[in-house]
Every structure is written in C-alpha cells, then in structure tokens.
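Engineer: Dropping a structure here in structure tokens format, bear with me for questions.
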Amino acid sequence: MKKNITPLFILVFISCASLSFSQQRTSQPVDFQKISERLFQITGGRGANGGAYIGDNAVLVIDAKQDKESVEQVIRDLGKITDKPIRYLVNTHSDGDHIFGNRFFPESVVFISHENCRADFFLPGRNGSESEWKNPELAPFVPSVTFRDKMDLYLGSRKVEFWYFGAGHTTGDCVVYFPEEKTAFLGDQIFLGRPQLIHSYKSGNSFEHIKTLSKMLESIQAEKFCSGHSDIIDRAAVKNHIEQMKQLQEKVRALIKQGKTLEQVRSEFEQNQARLIESVYNEIKAGS
C-alpha cells in the first residue's frame, strides 16, 4: 500500500536539499599567508590565489577572487592588518576566477593589467557567449591603467614592478614582482599537480609559454613564485616545469610524425591532459 507524502515532508526534504547544496557551494575561509611584513599570498575563498602588498601609503591587491563573500573577507582581513586604503588592484590575466570579483571592490580602486589582458575582458567566452564586461555598469571595474612591456608603481618609497614577458597561458599574462622580497606573482603561468592550462581561444600558446617563463628567469631575480592554483615554489621548480613541458611537446611532435590523429595522440597521455595535448597538437600542426 502506497503511503501519502505530506506537504510538510516535501518542505523538509527541499529545505535539507537546499542546505546541502548551499554547504557544497560555501567556500573555504580566505587565508593570508605571510611572506614578509608587507607582502601576503591570499588563498582560500572562491577563486584563484592572489596577494596583497602594504605600501607606505596604500595597499595593492593581486587578483580579485570570484564572489562577493570572498572579496568582503579579503577587505575585512586586510583591515585587521593595516589601516591603509586599498588603492590598486592588478589582474594578472583575464580568467573569471581572477577578475570576477573586481566588481565587489570600491569604485575608488584603480584596476591595472597588461594591455592584452584588458582587451581579453571583452572577448567572447569559450562557448561563444558575449562578454558581460561590455555592460556599461561594469566599466568602473575594468582595468583603466595598462602597460606594454614593463611598468613600475610606487607606494610611497616601495616599488612594485609589472612585467610582460610574452604569451603563454593567455596573451595577456603579467608578472607582479616585489624586488625587496624577491617574490613574483605569476597568475596561471604555472600549474603544479595538474596539467598546464593553455587558453588557445585567448591566443595562449604552449611554445611561447616556455619562452615566456625562460625570459622571466633571465630578467628578474625572484626566488619565490606565487601562482593562482599552486603552492609557492622556487626557481628550480620553474625550471623543472619548463623541462616537463618541453618533453611533453617533443612526445606529441614524435607521435604526429608517425601520422597519428589528435585522438590517437591523446590516447598516449593521461585523460586529464586532453586539453593541453590538443593545444600542443594544434600548435605543431600550425607550424610552431
């Protein structure tokens, strides 16, 4: 005999399901990892790792997290460390987990990026959808200060260097370098523990990626490297990443010479490497 399901039971079931979904969406607390008295890596929350630098007269934030709750945590926790205002925010590149939170910072903040990154704000999405950043209401949160090769920013007597070494993950990746701490923030120019992501639709290129990282090591004396989705690493780890990328590219090239199709080449690698292999395959086919 079937039992009737009462409206109260349904209400309780929906409430529990909603609570469970909400808990799954709740982000981890934002955490400030101290690098020096002035420099912090910001982890946790929703969105990629970022950073904060406390200058003599103002604060620079590196990347913006992905939702309002995480941005509010960043602002609140910064207020516990310093009474200096957040005056600048630099976007290392244009991926949503680095820039979506721009809109939750005060409009008084000056947004900075490489000129190609700013252009990427307005690109269609990977699925062809129109960029939401074309909405005039979001205009105050799009980078208004850009640079081409290198730019210095002084927060009182403290200098921050913005470098562009070339395309890689996207065509607008910048490196934020703090000379006193010998620490660089790279955005997504290095992934560790997972395959490197190359956004071909944003003109990213795996072969240029190697050149870009090599040029970075030649140009700055950083000893610590902070990235969007990995732990802090040293120069040796960057060099090891470069070598691993070269080996992967050469394996793909050898398989192409054997006449293998993209699907056949993919089958020679781990399943989670499929997107990277596709990028490398297409680049080699195009003559990289």
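Bear in mind that the values in this text are calculations on the coordinates, not laboratory data. Predicted model, so just to flag it, every value in this text is computed and none were measured. Here the Cβ positions follow ideal geometry from the backbone for every residue, glycine too, while neighbour counts run over all protein chains shown.
Engineer: Mind checking which lysines have their C-alpha under 28 Å from K34, skipping anything on the same chain fewer than 8 residues away?
Structural biologist: K65, K68, K80, K84, K150, K159, K182, K215, K224, K239
Engineer: Continuing with the same structure: Under a straight-distance cross-link criterion of Cα-Cα below 20 Å, which aspartates and glutamates are reachable from K251, leaving out those fewer than 8 residues away in the same chain?
Structural biologist: Once the sequence-local aspartates and glutamates are set aside, what remains near K251 is E208, E243, E263, E268, E270, E278, E283.
Engineer: A further question on this structure: Can you list which of the DSSP-assigned H helices in the chain have a Cα extent of 18 Å or more along the long axis and an average Kyte-Doolittle score of at least 0.5?
Structural biologist: The answer, listed by residue number, is 7-25.
Engineer: Summarise the long-distance tail of P(r) for the chain by giving the % of C-alpha pairs beyond 26 Å.
Structural biologist: 49
Engineer: Looking at the chain only, what percent of DSSP beta bridges run antiparallel? Nearest 5 please.
Structural biologist: For the chain, the DSSP antiparallel bridge percentage is about 65.
Engineer: Order of 95-103, 210-218 by packing, highest average Cβ count within 10 Å first?
Structural biologist: 95-103, 210-218
Engineer: Going by average Cβ density within 10 Å per residue, which order do the peptides 262-275, 80-93 take, highest to lowest?
Structural biologist: Top to bottom by mean Cβ count within 10 Å: 80-93, 262-275.
Engineer: Related question: If Lys and Arg each add +1 and Asp and Glu each add -1, what is the summed charge of the other residues whose beta carbon sits under 12 Å from the beta carbon of S203?
Structural biologist: Charge balance near S203 sits at -3.
Engineer: According to a simple spin-label model (label point 7 Å from Cα along Cα-to-Cβ), what is the distance in nm between Y201 and K246?
Structural biologist: 3.2
Engineer: Given a Förster distance of 22 Å, report the FRET efficiency between R253 and L192 from their Cβ-Cβ distance, rounded to the nearest 0.05.
Structural biologist: The computed FRET efficiency comes out at 0.40.
Engineer: Suppose R0 equals 35 Å; then what is the FRET efficiency for K211 and S108 from their Cβ-Cβ distance, rounded to the nearest 0.05?
Structural biologist: The value I calculate is 0.40.
Engineer: Around V110, which amide H atoms from residues at least 5 apart in sequence, or from another chain, sit under 5 Å from its own amide H, with H modelled in the peptide plane?
Structural biologist: Under 5 Å from the amide H of V110: Y88, L89.
Engineer: Would you calculate, for the chain, the mean residue ellipticity at 222 nm contributed by helices, counting each DSSP H stretch of 4 or more residues as -39,500 (n - 2.57) and dividing by all residues, to the nearest 500?
Structural biologist: -10500 deg cm²/dmol
Engineer: Mind ranking 162-171, 246-255, 186-195 by how tightly packed they are, going by the mean number of other C-beta atoms within 10 angstrom, highest first?
Structural biologist: Going by the mean number of other Cβ atoms within 10 Å, highest first, we get 162-171, 186-195, 246-255.
Engineer: Moving on. Under the rule a/c < 1.5 gives rounded, and otherwise a/b versus b/c splits prolate from oblate, where does the range 106-165 land using the Cα gyration tensor?
Structural biologist: Here the range 106-165 falls in the oblate category.
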